[in-house]
1. Is it the case, given these coordinates, that residue 739 is open to solvent by 10 Å² or more (accessible area, probe 1.4 Å), touching a His at 6+ places or on another chain (Cβ under 9 Å) and under 24 Å from residue 455 (Cβ atoms)?
2. Going by the structure shown, is residue 107 open to solvent by less than 20 Å² (accessible area, probe 1.4 Å), at pLDDT 95 or above and within 31 Å of the chain's Cα centre (by Cα)?
3. Would you mind stating whether residue 550 is in contact with a strand residue (DSSP E or B) (Cβ under 6 Å, 6 or more places away or on another chain), part of a helix (DSSP H, G or I) and of a type outside the set (A, V, I, L, M)?
4. Give me the residue from the stretch 553-573 that is outside any loop (DSSP other than H, G, I, E, B) and open to solvent by less than 80 Å² (accessible area, probe 1.4 Å) and, out of that set, nearest to residue 481 (Cα to Cα).
5. Would you pick out the residues in the stretch 142-165 that are touching a strand residue (DSSP E or B) at 6+ places or on another chain (Cβ under 7 Å), open to solvent by 20 Å² or more (accessible area, probe 1.4 Å) and either among the basic types (Lys, Arg) or outside any helix (DSSP H, G or I) (or both)?
6. Restricting attention to the stretch 24-67, report how many residues are open to solvent by 30 Å² or more (accessible area, probe 1.4 Å), in contact with an Asp or Glu (Cβ under 6 Å, 6 or more places away or on another chain) and of a type in the set (A, V, I, L, M, F, W, C).
7. Output the residues belonging to the stretch 334-382 that are open to solvent by less than 20 Å² (accessible area, probe 1.4 Å) and among the β-branched types (Val, Ile, Thr).
8. Does residue 414 meet the test of being touching a Pro at 6+ places or on another chain (Cβ under 8 Å), acidic (Asp, Glu) and either part of a loop (DSSP other than H, G, I, E, B) or under 30 Å from residue 246 (Cα atoms) (or both)?
Amino acid sequence: MHKRESSWTATHYGRYAVLGDNGVTLEPLGRDANRLEDGYADAHDGPLRITAPAVRRGWLEAVRRGEVPSGSGRGADGYVTVDWDTALDLVASELARVRKSSGDNAVYGGSYGWASAGRFHHAQSQIHRFLRLGGGYTDSVNSYSAGAMEVILPHVIGGSSWAFSERGVTWPQIEQAGQLVVSFGGMAPKNAFANAGGIGEHVQPSWQKRCRDAGVEFVNVSPQRTDIAESLGGEWVSLRPATDLALMLALTHELVLQGLADLDFLHRCCTGWPVFWRYLEGSADGQVKSAEWAASICDVPAAAIRRLARSIGTRRTTINVSWSLQRQRFGEQTHWMGVVLASASGSMGRLGGGYAGGLGISQIGVRSRRPRVASLPQGRNEVAQRIPVARVADMLLNPGAEFDYNGTRQCYPDIRLVYWIGGNPFHHHQDLHRLVRAWRQPETVITHESWWTPLPRFSDVVFPVATSLERNDIAIGQLDLTLAAMHRVRDTPPGVGTDFDVFAALAHRLGYGDRFTEGRSADDWVRELYARTKEELTREGVSLPDFADFWRAGSVDLPEPGEVTDWSFSRLRADPERFPVPTPSGKIEVFSETIAGFGYDDCPGHPVWLEPEEWAGCARAAEFPLHLLSNQPKTRLHSQLDHARHSQQSKVAGREPVLINTRDAQERDISSGQVVRIFNDRGACLAGAVLTDDIRPGVVVLATGAWFDPEQPGVSGTLCRHGNPNVLTMDTGTSRLAQGPSPGNTLVELEAYAGTPPPVKIFDPPLLEPDSG
């Protein structure tokens, strides 16, 4: 057992001192603890822990008969436990077979998810290094979280796909000079709890309070009152879901009518304003984008729209647009329009105002960047093919089919093998029964997991692996300044290794083990990444302690790196000729010639209101009158640790809670605590009713992340017993530009469940039989 006087670890949701001889208690460090760690240590020893390699019986029998395996029984067959050598030999042989028979692009390396906060044991880095050194693989691009933003904003403001986090307004700037924050999609406090690479201190709430104390006012534009901290005293503008774009258009139109629009900035520092104005005034399509027009769409009074426009135009204002609003049909439009509204407001490029993309999420808004920290080298992928990550089901169901993406026309590859670690596609993806049908198309699916989550239950070979408490690492989060030690504080179950151990063993069998490990153990690599970071930061004038001192102390705080200075909206405002932004025009692109040239009817050359297939104003609402919002949960990170204590304590009647407006519940004779059935023509799920007046009538809120528990996986309309909202959401791209996910356009109906609800079974471990072959 590894003992030390003081032990420390880091997770996505905080840093901890680890107490007890075997890592049984996590004591939060820093302020604003969120309790997401409750039950984490206990879950290591529970019945869902995977302790031996397991192989799906139907797949194993086919392979041993010398047949090409089929995925038809995936998600339904039982499992056979095998020894490590057998499992490793099976996977090495299958990888070699698929590469030889179908080519390297027939392998899909689908690591998507947060996995470990550590820099070395980062699942995506590990699998990408392994597959690239082995010949390459079909990769993915963009994210489920911000897929549409990542594609549209480089066209509009320039820079990388995440430039919005470097160029947006920050809280220190707002505290200094800001007066108003208008947040479309809200700014939910729970979104500040986690960071992909760990988080030193949860400072978002304190920065927001500092701004409030400095006199900054807040407006929460959302169907949900609690999408902003109650302590901020924000005004609630309750609008219909998926109509924010129409409201933004009317606000911009009103700024012009009221003589408050910054026409100087729009003409000097933007391109395409005259074209866009013709659209706003109606000469392009015959419809003036007036306050009355938006009121009929958004269900917000025209007078309230005019008042909000005046507030925006007369105060130093930040226009914040949440990530949730681009996870909708035509989601590219909301962030594009957010930039345009900020440009028209008079605050763009001025201290304390302008555009922000996801202000309040994790560390976004705290600072613009952090010093560089080394990560595991992944090498070059010899396969050029990449698909938008949210189109994985399309790819598996339609090999060879053409699709559009960001101005290109591509073909889906024919995937024969999926190797997926570090995430749960049965949480992230939409229309899960369609995903099950797609998931059964490849010949083989391989995963590494620590617990019997939904992913290993839909895999053919499952390698058990260590958790982040069972390995050494270093961590630092996006825009965070705390470089943290992650001590190994628990023993793994006997024989269980790390992702690195599995890949090293496979790479040796496939003939490139020395290139994969470079002769280093996992702990050697952790020290190497620290050494590379120390060397890099020394060149920037930052001195780090020796590794031993850092490891003993548990963390080191890096200095504030300062603002990004190569381009900014303030420099653009000062002199657009001398300080252009990195777009084709050198200016903010209100109208984009590039995007217009793509010819996409679902994403034209400037922001437009396009009526989605599903929203409260469509004909489908007569059958399914409630708009479902599937936001992030408060009591876990995505679907992680849904079986642990903190998440389990939030369940209602053993299911995921669904928020229902009191009036809607009364009309359906539903009482709080009752099990309800939520359904549409894609699927159905059970949930526990929670009645509230904090959401507008006609809206229900069911958080994502409940482990998928279908009665008949893959059969449309069948029941998820536990409450996963993605059995209800549609698997359609945001547009041909970004092909991001669009769960934000989901209509449902709900009713009290008649009879005795079926028991939740996802927390029962699967039946495992020893190998008799």
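1. So residue 739 does not fit the description; no.
2. Working: open to solvent by less than 20 Å² (accessible area, probe 1.4 Å): yes; at pLDDT 95 or above: yes; within 31 Å of the chain's Cα centre (by Cα): yes.
Considered against the rule, which asks whether it is open to solvent by less than 20 Å² (accessible area, probe 1.4 Å), at pLDDT 95 or above and within 31 Å of the chain's Cα centre (by Cα), residue 107 comes out as yes.
3. Values: in contact with a strand residue (DSSP E or B) (Cβ under 6 Å, 6 or more places away or on another chain): yes; part of a helix (DSSP H, G or I): yes; of a type outside the set (A, V, I, L, M): yes.
In short, yes.
4. Restricting attention to the stretch 553-573, the residues satisfying the condition of being outside any loop (DSSP other than H, G, I, E, B) are 553, 555-557, 569-573.
Next cut, open to solvent by less than 80 Å² (accessible area, probe 1.4 Å) only: 553, 555-556, 569-570, 572-573.
Values: 553: 16, 555: 10, 556: 8, 569: 25, 570: 25, 572: 29, 573: 30 Å.
The qualifying residue nearest to residue 481 (Cα to Cα) is 556.
5. Answer for the stretch 142-165, where residues must be touching a strand residue (DSSP E or B) at 6+ places or on another chain (Cβ under 7 Å), open to solvent by 20 Å² or more (accessible area, probe 1.4 Å) and either among the basic types (Lys, Arg) or outside any helix (DSSP H, G or I) (or both): just 142.
6. Summing the residues that are open to solvent by 30 Å² or more (accessible area, probe 1.4 Å), in contact with an Asp or Glu (Cβ under 6 Å, 6 or more places away or on another chain) and of a type in the set (A, V, I, L, M, F, W, C) in the stretch 24-67 gives 0.
7. Scanning the stretch 334-382 gives 334, 339, 340, 364, 366, 373.
8. Values: touching a Pro at 6+ places or on another chain (Cβ under 8 Å): yes; acidic (Asp, Glu): yes; either part of a loop (DSSP other than H, G, I, E, B) or under 30 Å from residue 246 (Cα atoms) (or both): yes.
Yes, satisfied.
The values are calculated or read from the model by the stated rules, or taken from the named source; none is laboratory data. Please read these numbers as outputs of a predicted model, since none were measured by experiment. Cβ: placed from backbone, ideal geometry, glycine included. Neighbour counts: every protein chain shown. The accessibility values were calculated without ligands, DNA or RNA, using every heavy atom of the protein model including side chains. Shrake-Rupley method; radii C 1.70, N 1.55, O 1.52, S 1.80 Å.
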